[in-house]
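Structure record follows, encoded as structure tokens.
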2 protein chains.
Amino acid sequence: MTVDESAAAYRMDAVTARAIVMRALAAHGVDDAACAVVADTLVETSMRGIDTHGVRLLPRYLSDLEQGIANPRPTIRVVRETGAAAFIDADAALGIVAGAAGTREVVQRAADNGVAAVVVRNSNHFGAASVYSRAMAREGMVGWVMTSAAARVAPYNGRGPLLGTNPVSVAAGAGDAEFALDMATSQVCLGEIRERGRRGQPLESGWATDENGQGTRDAAQVAALSPVGAGYKGQGLGMVVTLMTAVLADAPLDWQLDHIGQAPPGRGRGIAHCLLCFDPAVFGGRDSFDRRLGDLVRTTRETQPAAFEPVRCPGDPERQREREAARTGIPLDPDTARELHALAQRHHIPVPPLPQPAAPKSSATDSSTAAPSSAPTAPRRSM
Amino acid sequence: MTVDESAAAYRMDAVTARAIVMRALAAHGVDDAACAVVADTLVETSMRGIDTHGVRLLPRYLSDLEQGIANPRPTIRVVRETGAAAFIDADAALGIVAGAAGTREVVQRAADNGVAAVVVRNSNHFGAASVYSRAMAREGMVGWVMTSAAARVAPYNGRGPLLGTNPVSVAAGAGDAEFALDMATSQVCLGEIRERGRRGQPLESGWATDENGQGTRDAAQVAALSPVGAGYKGQGLGMVVTLMTAVLADAPLDWQLDHIGQAPPGRGRGIAHCLLCFDPAVFGGRDSFDRRLGDLVRTTRETQPAAFEPVRCPGDPERQREREAARTGIPLDPDTARELHALAQRHHIPVPPLPQPAAPKSSATDSSTAAPSSAPTAPRRSM
């Protein structure tokens, strides 16, 4: 889910955005190293155009710190381990801090053992899963990342939410040979449903179901998202993510989790992550891996297209948006622009003034009353 | 893909089917232990109703042995290893023999290390992926299995086949708390397309594309299958399977593989498998794992259904068919019935006579000239 660039009210350069995240977190008692990790992660995610998981999350994370849902000074510890495996308690850390700690663990263990698995319990929302899988890829590994999430998706033939949107990210390679899949196991995300509703457009069939479990194309009737493919395969993939995260971590299952922004204060949300890491050197060898991966990526892109747009690899659109954002800044929706602007002023970080709305009109009113998670976004393909 | 039981011409008890597979393989020089592994695997798969991957494959495997594509006496060896990881050369073994050897390796290594990964190169068609993941589950592990396959699936927005149907199977638990997902990363399999064509029924939208890469509902116009969800997510999942198998194994990529039955004689097809195994004891603990998994499976089944049929877990339909087949025998399509019957007679295994066709008519002629892979099957949900 990306910000519709034509609707972006404001662009912010990455250095400024990073400074705002750093200072706002530090003011909430987060130590310097953790501030830097979260700032780098949110800014990178926004630059790659995955804006639902980028700097727009900062106000939510600050709120979690204020309410004691996220612990600014966690003691992240290995509860159980072998050489290749570790079970980590994140002590209610900010999810990004827990995700980064898990990534460091799993890369080191994979380098020593050829393969490694790290399961994290007692964490919070960790942003975009591809941040961690891509960090593993930059170390020459194949990275897999999954996280539990609160229920939004109905099982095939079922009524009402049971599973989270339960993302899977798999990454390998770097630069133009990068493969970076980051996908929810639902057909689309809730933001896409809301956006269609706001525009008064019908949903595609297979996206969502109503309270009777029947497919609906009316955003107002949506009771649950549908699994990818709208059948038993997507249901099964969503359950695999629950299995590898909450079940392996002895953590709350999807329907036992509170949604972000709705958890009771004073304790972590109990999110669980699973990080897997594979060292190609132990299998067919590093050189052959790079060669075969390059062949896979290149041949995919060179497949004869069905339309004007070329066939793309997972990660291609994000890399393109990252290059654009480096040139033009991060496009922010009006709500996020206002919130980051206010934080910048509070922390004495210089920022250009916000654009003034030309005149009050109904669409501006709609936008100012919308919840952060329903800010204007375009139904673009986020591959 | 399962045999339409109403169209099943013949039922065979498991003991007889097993004896036929054993004797036919032994006559092709396969050693006793390998004969037993392949027989158990094919019979189990047929009993679970995954008939495209069951005893129907025996004639194909015999042909592979006759043509030197499969090696009856392979030397399966570990090429490279750490404690938790192994890279195995299958020496062109029958795929089921390679898959079983890989499963033994990965379970032992996961028991010692908490997690293990085994990548196999130089193998052949290994039947149903869930055979191996479920074998790991029976050892108390979480099992993941993937295999490379010859290209049938177009990438999103692309023309023509690029990726194989690249299955993923994940299994955990046993008995009524079993979770056993086994799915191709295409929306449906080729058999389903052919069956609709034979019946003159239109395809569902999102199943397949024509030679211009446009969606088609006419089976005769199909040039490629579509990835699950008919979008970039399914394409990405298919590519993940290629990455974890062929790319990690330094083996031919999907479009470089020959289809089963079309490979040149004298060498193996170069199929690669990936087997992953996770020991819950190292993470949240075995008791909590069993409890949470039971909760996941039970709660899913108890979800309020949208229709008369209850919501099911991956593996539920197969377990039900296995119980039926134990009572009534394995339903065989007419072609497979004839082929197994002929093998039984050749090897002096007593079998009931084949039913005589009532009278020659066009549908019988169609059936006798159909290729094994297009034998009558019902478009049933194979969860």
Handout entry: Filter result for the condition that a residue is over 24 Å from B:GLY143 (Cα atoms), within 12 Å of chain A (Cβ to nearest Cβ) and part of a helix (DSSP H, G or I), over B:GLY229, B:GLY234
Key = B:GLY229
Exercise for the section: Name the one entry in B:VAL55, B:VAL38, B:VAL21 that is under 17 Å from B:THR147 (Cβ atoms) and aliphatic (A, V, I, L, M). Expected result: B:VAL38
Fill in the blank from the handout: Restricted to the stretch A:150-170 and to residues being among the aliphatic types (A, V, I, L, M) and assigned to a strand (DSSP E or B), the residue farthest from the other protein chains (Cβ to nearest Cβ) is A:VAL153
Fill in the blank from the handout: Note on the stretch B:75-86: residues closer than 24 Å to A:TRP144 by Cβ and either surrounded by fewer than 24 Cβ atoms within 10 Å (Cβ to Cβ) or under 19 Å from the mean Cα position of the chain (by Cα) (or both) are B:VAL78, B:VAL79, B:ARG80, B:GLU81, B:THR82, B:GLY83
Exercise for the section: Within the stretch A:66-97, work out how many residues are part of a loop (DSSP other than H, G, I, E, B) and either modelled with pLDDT under 95 or touching a Ser or Thr at 6+ places or on another chain (Cβ under 7 Å) (or both). Expected result: 2
Exercise for the section: Among the residues of the stretch B:254-269, count how many are surrounded by 24 or more Cβ atoms within 10 Å (Cβ to Cβ) and more than 18 Å from B:ALA92 (Cβ to Cβ). Expected result: 1
Practice task
Kindly list, by first and then second residue, each pair from a residue in the stretch B:122-134 that is among the basic types (Lys, Arg) and at pLDDT 95 or above to a residue that is open to solvent by less than 10 Å² (accessible area, probe 1.4 Å) and not in a loop (DSSP other than H, G, I, E, B), limited to pairs with Cβ atoms under 6 Å and residues at least 6 apart or on different chains.
Solution key: B:ARG134/B:ALA171; B:ARG134/B:ALA180
Problem - Test result for A:ALA272, under 19 Å from the mean Cα position of the chain (by Cα), at the interface with chain B (Cβ under 7 Å from one of its Cβ atoms) and buried (at least 21 other Cβ atoms within 10 Å of the Cβ) - result: no
Fill in the blank from the handout: Of the residues in the stretch A:137-149, those that are buried (at least 24 other Cβ atoms within 10 Å of the Cβ) and more than 13 Å from every other protein chain (Cβ to nearest Cβ) come to A:THR147, A:ALA149
Exercise for the section: Considering each of A:VAL311, A:VAL297, A:VAL247, A:VAL241 in turn, give the residue that is free of Cβ contacts under 8 Å to residues at least 40 places away in the same chain, hydrophobic (A, V, I, L, M, F, W, C), crowded, with 16+ Cβ neighbours inside 10 Å and outside any loop (DSSP other than H, G, I, E, B). Expected result: A:VAL247
Handout entry: Failed item in (1) in the same structural domain as A:TRP144 (by TED's automatic domain parsing); (2) open to solvent by 20 Å² or more (accessible area, probe 1.4 Å), with A:ALA27 passing the rest
Key = (1)
Fill in the blank from the handout: Taking the stretch B:194-218 and the residues there that are assigned to a helix (DSSP H, G or I) and surrounded by fewer than 21 Cβ atoms within 10 Å (Cβ to Cβ), the one that is farthest from the other protein chains (Cβ to nearest Cβ) would be B:ARG198
Completion exercise
In the set A:SER368, A:SER373, the lone residue that is open to solvent by 40 Å² or more (accessible area, probe 1.4 Å), under 21 Å from the mean Cα position of the chain (by Cα) and at pLDDT below 90 is A:SER373
Practice task
Quick one: A:ALA177 ticks every box in (1) open to solvent by less than 40 Å² (accessible area, probe 1.4 Å); (2) closer than 23 Å to A:ILE260 by Cβ except a single one, so which number is it?
Solution key: (2)
Practice task
Starting from residues that are among the hydrophobic types (A, V, I, L, M, F, W, C) and open to solvent by 20 Å² or more (accessible area, probe 1.4 Å), keep the ones in the stretch A:180-190 and report whichever is farthest from the other protein chains (Cβ to nearest Cβ).
Solution key: A:LEU190
Exercise for the section: For residues that are within 19 Å of B:VAL240 (Cβ to Cβ) and among the small types (Gly, Ala, Ser), tally how many sit in the stretch B:124-146. Expected result: 4
Exercise for the section: Scan the stretch A:307-329 residue by residue and report those that are modelled with pLDDT of 95 or more and either under 17 Å from the mean Cα position of the chain (by Cα) or facing another protein chain (nearest Cβ under 7 Å) (or both). Expected result: A:VAL311, A:PRO314, A:GLY315, A:ASP316, A:PRO317, A:GLU318, A:ARG319, A:ARG321, A:GLU322
Fill in the blank from the handout: Filtering the stretch B:282-294 down to residues that are at the interface with another protein chain (Cβ under 7 Å from one of its Cβ atoms), at negative phi and surrounded by fewer than 21 Cβ atoms within 10 Å (Cβ to Cβ) yields B:SER288
Completion exercise
Residue count, the stretch A:102-114, condition under 23 Å from A:ALA251 (Cα atoms) and either basic (Lys, Arg) or surrounded by fewer than 23 Cβ atoms within 10 Å (Cβ to Cβ) (or both), comes to 2
Practice task
Considering every residue within the stretch A:255-262, establish whether at least one is more than 19 Å from the chain's Cα centre (by Cα) and within 20 Å of A:ALA150 (Cα to Cα).
Solution key: yes
Practice task
Kindly indicate the residue of the stretch B:90-100 that is in contact with a strand residue (DSSP E or B) (Cβ under 7 Å, 6 or more places away or on another chain) and open to solvent by less than 20 Å² (accessible area, probe 1.4 Å) and also nearest to A:VAL106 (Cα to Cα) among those meeting that condition.
Solution key: B:GLY99
Practice task
Answer with yes or no whether A:VAL131 is buried (at least 24 other Cβ atoms within 10 Å of the Cβ), within 12 Å of chain B (Cβ to nearest Cβ) and among the β-branched types (Val, Ile, Thr).
Solution key: no
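The values are calculated or read from the model by the stated rules, or taken from the named source; none is laboratory data. Everything numeric in this text was worked out from a predicted model, so none of it was measured. In this analysis, Cβ positions are derived from the backbone assuming ideal geometry, glycine residues included, and neighbour counts consider all displayed protein chains. Protein only, heavy atoms only, side chains kept; ligands, DNA and RNA dropped before computing areas. Shrake-Rupley method; radii C 1.70, N 1.55, O 1.52, S 1.80 Å.
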